[in-house]
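The values are calculated or read from the model by the stated rules, or taken from the named source; none is laboratory data. Since we're looking at a predicted model, the values are computed, not measured. Glycine also receives a Cβ, built like all others from the backbone with ideal geometry; neighbour counts cover every protein chain displayed. Each accessible area value is taken on the protein alone, full model and side chains, heavy atoms only, with ligands, DNA and RNA left out. Shrake-Rupley method; radii C 1.70, N 1.55, O 1.52, S 1.80 Å.
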Amino acid sequence: RSQDRPAAFELRDGDRVLFLGDALLEREITYGSNELRMHEQFPKTRFSVRNLSWSGETPRGWSRASFDPPAKGFERLKQEIGLVKPTVAVLGFGMAASLQEITDRSKDIMLNADPARYGRDPMSGARFKRELGDLMDAIVAIGKTATPPADVRFVLLAPIPHEDLRKTRPGMPDPAPHNELLNQYAKAIEALAKERGARFVSTEGFNAQQAIRAVSNSPQQFTHNGVTLTPEGHSEYSHWITSKLGWVTPKGNRVPASKDLLSGVLQRNDLWFHRTRPANSTYLFGFRKHEQGRNAKEIPEFDALVAKA
């Protein structure tokens, strides 16, 4: 290999891979592209994958707090990570945090600013970096509780760029200011990766729209709304990650081929989703658990189904 190209990131027998982030990785639950590429790259390696991502999430886990105080979200997040006890953690945060910063700094009451819940200090690249570091510390601590204790290897993903949709959807915003902000978050993630010895995946130069057009000869957009990947965009993004991790994709195979494997991955994802995000969680675990909390005992019964899948 060339001296300026890092070694390929490897998965090892027995690895427990955690995907955790905002919508960037939550879409993996539905599409499965990144996990398929892992199996394609390491067909003889036995490893498991679990996804705890949540749209709108930041490293503090606020999205899963529901009606409880925000600190409860981070507590629940650590409990869920404890179910995985990851040896590899792929973290994909930044987009939701950048949108929070825009909200915080606008001081527009119509955007539902909530300093009591999210803090009086506006979100920023520095604050985000600190909170992402706290999350990494929590994951490392949880890894030490595994049998045997695990030294967690991290992959930190930069947020995707905000796609310019103004030509096809008049009235959509100029993404330039947001992209400047996203660049600050990407730099914060890269700096943290260097400090922690983690692998960093930049999105500098990522142009899914151009790649999709080259494959399909149609000007498809790679996001639904400028910031959330379409199925085609997610496929191209997983191809991008593959190349940045030093993995080899069979020539011309931009989409992993195994439909049977994909079906199995998505079935497992569905079971795991209901294990960690039951639709009636407020009644099972929240402030209304006095009504149906007795049924919470059924949630761990998903574990055997997940393992079998």
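Could you please find all residues in the stretch 21-78 being of a type in the set (Lys, Arg) and either in a helix (DSSP H, G or I) or at pLDDT below 90 (or both)?
ARG27, ARG37, ARG64, LYS72, ARG76, LYS78
Return the only residue of PHE128, PHE67 being touching a residue at least 60 places away in the same chain (Cβ under 8 Å), of a type in the set (Phe, Trp, Tyr) and open to solvent by less than 20 Å² (accessible area, probe 1.4 Å).
Criteria check complete, one pass: PHE128.
Kindly indicate whether any position in the stretch 198-206 is exposed (fewer than 13 other Cβ atoms within 10 Å of the Cβ) and not in a helix (DSSP H, G or I).
Applying the first criterion (exposed (fewer than 13 other Cβ atoms within 10 Å of the Cβ)) to the stretch 198-206 yields 204-205.
In the following step, the residues that additionally are not in a helix (DSSP H, G or I) were identified as 204-205.
The answer is yes; a qualifying residue exists.
Could you check the stretch 79-98 and list, in sequence order, the residues that are within 26 Å of ALA191 (Cβ to Cβ) and either at pLDDT below 95 or in a loop (DSSP other than H, G, I, E, B) (or both)?
Residues satisfying the conditions are PRO86, THR87, PHE93, GLY94.
If we keep just the residues of the stretch 207-232 that are assigned to a loop (DSSP other than H, G, I, E, B) and closer than 28 Å to PHE154 by Cα, which is modelled with the lowest pLDDT?
ASN207
Is it true that some residue in the stretch 138-148 is farther than 24 Å from MET38 by Cα and open to solvent by less than 60 Å² (accessible area, probe 1.4 Å)?
yes
Looking at ASP114, ASP121, can you tell me which residue is surrounded by fewer than 20 Cβ atoms within 10 Å (Cβ to Cβ) and either touching a helix residue (DSSP H, G or I) at 6+ places or on another chain (Cβ under 7 Å) or at pLDDT 90 or above (or both)?
Of the residues listed, the single one that is surrounded by fewer than 20 Cβ atoms within 10 Å (Cβ to Cβ) and either touching a helix residue (DSSP H, G or I) at 6+ places or on another chain (Cβ under 7 Å) or at pLDDT 90 or above (or both) is ASP121.
Per-residue answers, yes or no, for (1) over 15 Å from VAL90 (Cα atoms); (2) among the polar types (S, T, N, Q):
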residue	(1), (2)
ASP13	yes, no
LEU18	no, no
GLY21	no, no
TYR31	yes, no
GLU35	no, no
HIS39	yes, no
PHE42	yes, no
SER53	no, yes
THR58	no, yes
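Go through the stretch 10-20 and give me each residue that's part of a strand (DSSP E or B) and in contact with a helix residue (DSSP H, G or I) (Cβ under 9 Å, 6 or more places away or on another chain). Before you say what the answer is, go through the steps one by one.
So in the stretch 10-20, the residues part of a strand (DSSP E or B) come out as 15-20.
ARG16, VAL17, LEU18, PHE19, LEU20 - these are the residues of the stretch 10-20 that are part of a strand (DSSP E or B) and in contact with a helix residue (DSSP H, G or I) (Cβ under 9 Å, 6 or more places away or on another chain).
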